[in-house]
Amino acid sequence: MLAIVSAVAFGLTAGGILGVLVTGDPRYSIFWGVSLAVGILAGMGSLFSTSKRVMAKANDPVTGELALARIERIRRTGMTVNDQPQCELVLTVAPRHRGPYTTVHREVVDLVALPRLQPGSIVVVRRPYPEKANVLLVMEPPAEWERLREAERLRSGADRTVPIASATTAWASEPETLLGVPKPAARPGRTALLTAVFVIAAALTLVPAYNTIGRMARAIAAGDPAAAGVVEGTRHAEIVDALAREVGSTEFVSVAFYDGYALATAPSTPGALTIDDYQYRYDRTEHKGPELIQPEDPAGALFDVSSVDFGDVRGLIAQAKEQSGIAEPDSVIVIFERTMVADESGERPVQAMVLLDSPYEDATVLFDAATGEPLAA
């Protein structure tokens with residue numbers, strides 16, 4: 001069960017990281033951070049649980065042969081479990097029913113037992129699998145083996161039961177679990193299940209970002225990555241419609257398109273003369289609250305966005321680049337709002353203001369929103 005939880009959590013983590021990279025949405029950052037913590041905890045729990053089950057089987061006295069061994073070297077691996085260190089030991093093992101050998105063994109060791117595991121110490125080990133080099137330390141051996149261990153500790157030269165390491169052959173232990181027993185045989189069905197769970201979890205995490213991912217893929221494939229953004233994309237009318245639904249009206253004071261988002265100012269509620277900020281970002285809209293600077297004449301500043309053609313914003317940007325001579329600006333902003341000065345009819349027409357910024361110069365180019373014709377700055 002913990003393995004399934006871990007696969008789900010790591011799938012959510014992978015999806016969250018991809019979501020952040022593609023959309024920049026901070027909600028994905030929080031999401032994958034929490035999922036990663038859950039995945040690590042569940043994964044460690046699963047590994048530990050598996051190790052305990054395998055170790056319990058390996059410690060069955062019916063299946064585990066006891067033997068004497070000498071510790072040649074010991075070092076910490078840097079891994080700890082419940083503040084107990086995992087140690088790597090080089091052991092010379094002398095089984096009763098086969099030739100002696102030297103092997104490398106890793107096991108989580110109680111801190112209290114470390115003084116008894118120094119180089120040269122004689123210990124009792126269990127060999128759970130006769131056909132493998134793997135062993136387990138037996139820190140509390142039966143009385144008979146405790147006497148054999150003490151006797152071996154006093155022997156030297158040719159009287160040794162455990163020969164010197166140079167007189168033995170090396171026999172590599174098979175990969176071990178965290179607690180030091182051989183890892184169980186791979187189960188292809190279980191691996192396939194966990195992989196499928198991981199992929200499904202990642203895919204479900206990215207459902208809210210599918211439109212963004214598809215849009216970015218199409219823009220890159222077309223050789224025009226900027227088209228995946230807001231200001232230089234092709235979704236201006238769609239974005240304005242989404243903002244109008246958030247506002248509850250098509251009466252706005254301004255609409256501004258930036259690289260990754262759009263901002264609008266509009267009445268707090270339909271018909272109100274208090275003006276609030278609204279935002280479109282990460283493919284969703286949000287009511288941000290009161291506008292910091294309220295217009296002196298809110299009613300006069302309002303215009304109906306449904307009467308403005310937002311389909312040619314890219315064309316206005318292209319004209320502005322040509323007119324200003326800034327062919328590759330670092331930043332592009334397009335703002336729709338009424339002009340400050342009335343025309344001959346006494347009306348304040350709606351203008352499109354294109355702001356271009358580059359390292360050495362910037363420019364503001366004005367257009368009549370109704371005709372697309374340039375206006376005098």
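The values are calculated or read from the model by the stated rules, or taken from the named source; none is laboratory data. Model, not experiment: these values are computed from the prediction. Note that we place each Cβ from the backbone using ideal geometry, even for glycine, and neighbour counts take in every protein chain shown. For the accessible areas, the whole protein counts, side chains as well, though only heavy atoms, and no ligand, DNA or RNA atoms are used. Shrake-Rupley method; radii C 1.70, N 1.55, O 1.52, S 1.80 Å.
Looking only at the range 1-31, filter to residues that are farther than 17 Å from residue 197 by Cβ and of a type in the set (Phe, Trp, Tyr); which one of those is most open to solvent (accessible area, probe 1.4 Å)?
That would be 31.
Take the range 256-285 and flag every residue that is charged (D, E, K, R) and at pLDDT below 95.
Kept after step one, since they are charged (D, E, K, R), are these residues of the range 256-285: 259, 276-277, 281, 283-284.
Matches in the range 256-285: 259, 281, 283, 284.
Report, by residue number, each residue of the range 184-218 that is at pLDDT below 85, surrounded by 14 or more Cβ atoms within 10 Å (Cβ to Cβ) and not in a helix (DSSP H, G or I).
Scanning the range 184-218 gives no hits.
Which residues, counting only those in the range 356-368, are closer than 23 Å to residue 305 by Cα and in contact with an Asp or Glu (Cβ under 8 Å, 6 or more places away or on another chain)?
Quick first cut of the range 356-368, residues closer than 23 Å to residue 305 by Cα only: 364-368.
Across the range 356-368, the qualifying residue is only 367.
Cβ-Cβ under 9 Å, sequence separation 6+ or interchain: first residue in the range 309-332 and at positive phi and open to solvent by less than 70 Å² (accessible area, probe 1.4 Å), partner part of a loop (DSSP other than H, G, I, E, B) and modelled with pLDDT under 95. Which pairs?
Filtered contacts from the range 309-332: 325/361.
Out of 116, 127, 98, which single residue is within 21 Å of residue 160 (Cβ to Cβ), open to solvent by less than 20 Å² (accessible area, probe 1.4 Å) and of a type in the set (Lys, Arg)? Full working, then the answer.
Details: 116 fails: open to solvent by less than 20 Å² (accessible area, probe 1.4 Å); 98 fails: open to solvent by less than 20 Å² (accessible area, probe 1.4 Å).
Going through 116, 127, 98 in turn, just one is within 21 Å of residue 160 (Cβ to Cβ), open to solvent by less than 20 Å² (accessible area, probe 1.4 Å) and of a type in the set (Lys, Arg): 127.
Just a yes or no: is a residue in the range 48-56 modelled with pLDDT of 85 or more and out of contact with any Pro (no Cβ under 9 Å at 6 or more places or on another chain)? So that I can check it myself, show each step before the final result.
Here is the first cut: in the range 48-56, the ones modelled with pLDDT of 85 or more are none.
Looking through the range 48-56, none of the residues is modelled with pLDDT of 85 or more and out of contact with any Pro (no Cβ under 9 Å at 6 or more places or on another chain).
Residues that are among the small types (Gly, Ala, Ser), at least 2 per element: which strands (runs of 3 or more DSSP E) completely within the range 61-168 meet that?
Details: elements: 65-81, 84-94, 101-108, 122-127, 136-138.
Correct list: 65-81.
List every residue pair whose Cβ atoms sit under 6 Å apart, with the two residues 6 or more apart in sequence or on different chains, where the first one lies in the range 359-375 and is in a loop (DSSP other than H, G, I, E, B) and the second, anywhere, is β-branched (Val, Ile, Thr).
369/308; 369/350
Could you check residue 151 against (1) under 43 Å from the mean Cα position of the chain (by Cα); (2) surrounded by fewer than 19 Cβ atoms within 10 Å (Cβ to Cβ); (3) not β-branched (Val, Ile, Thr) and say which number it fails?
Every listed condition holds for residue 151 apart from (1).
Would you list the strands (runs of 3 or more DSSP E) that sit entirely within the range 219-328 and hold 1 or more residues that are touching an Asp or Glu at 6+ places or on another chain (Cβ under 8 Å) and of a type in the set (A, V, I, L, M)? Let's see the steps before the verdict.
Values: elements: 254-257, 261-267, 275-281, 284-290.
Because the criterion is at least 1 residues that are touching an Asp or Glu at 6+ places or on another chain (Cβ under 8 Å) and of a type in the set (A, V, I, L, M), the strands (runs of 3 or more DSSP E) in the range 219-328 that meet it are 254-257, 261-267, 275-281.
Using the structure shown, decide if residue 229 is open to solvent by less than 20 Å² (accessible area, probe 1.4 Å) and either of a type in the set (A, V, I, L, M, F, W, C) or closer than 23 Å to residue 15 by Cβ (or both). Before you say what the answer is, go through the steps one by one.
Working: open to solvent by less than 20 Å² (accessible area, probe 1.4 Å): yes; either of a type in the set (A, V, I, L, M, F, W, C) or closer than 23 Å to residue 15 by Cβ (or both): yes.
In short, yes.
Quick one: how many residues across the range 275-293 are β-branched (Val, Ile, Thr) and either open to solvent by less than 60 Å² (accessible area, probe 1.4 Å) or touching a residue at least 60 places away in the same chain (Cβ under 8 Å) (or both)?
We begin by selecting, within the range 275-293, every residue β-branched (Val, Ile, Thr); these are 275, 285, 293.
Right, trim to either open to solvent by less than 60 Å² (accessible area, probe 1.4 Å) or touching a residue at least 60 places away in the same chain (Cβ under 8 Å) (or both) and you get 275, 285.
Number satisfying all stated conditions: 2.
Within the range 335-348, is even one residue of a type in the set (A, V, I, L, M) and either on the phi > 0 side of the Ramachandran plot or touching an Asp or Glu at 6+ places or on another chain (Cβ under 9 Å) (or both)?
Within the range 335-348, the first condition is being of a type in the set (A, V, I, L, M), and the residues that meet it are 335, 340-342.
Now restrict to residues that are either on the phi > 0 side of the Ramachandran plot or touching an Asp or Glu at 6+ places or on another chain (Cβ under 9 Å) (or both): none.
Scanning the range 335-348 turns up no residue that is of a type in the set (A, V, I, L, M) and either on the phi > 0 side of the Ramachandran plot or touching an Asp or Glu at 6+ places or on another chain (Cβ under 9 Å) (or both).
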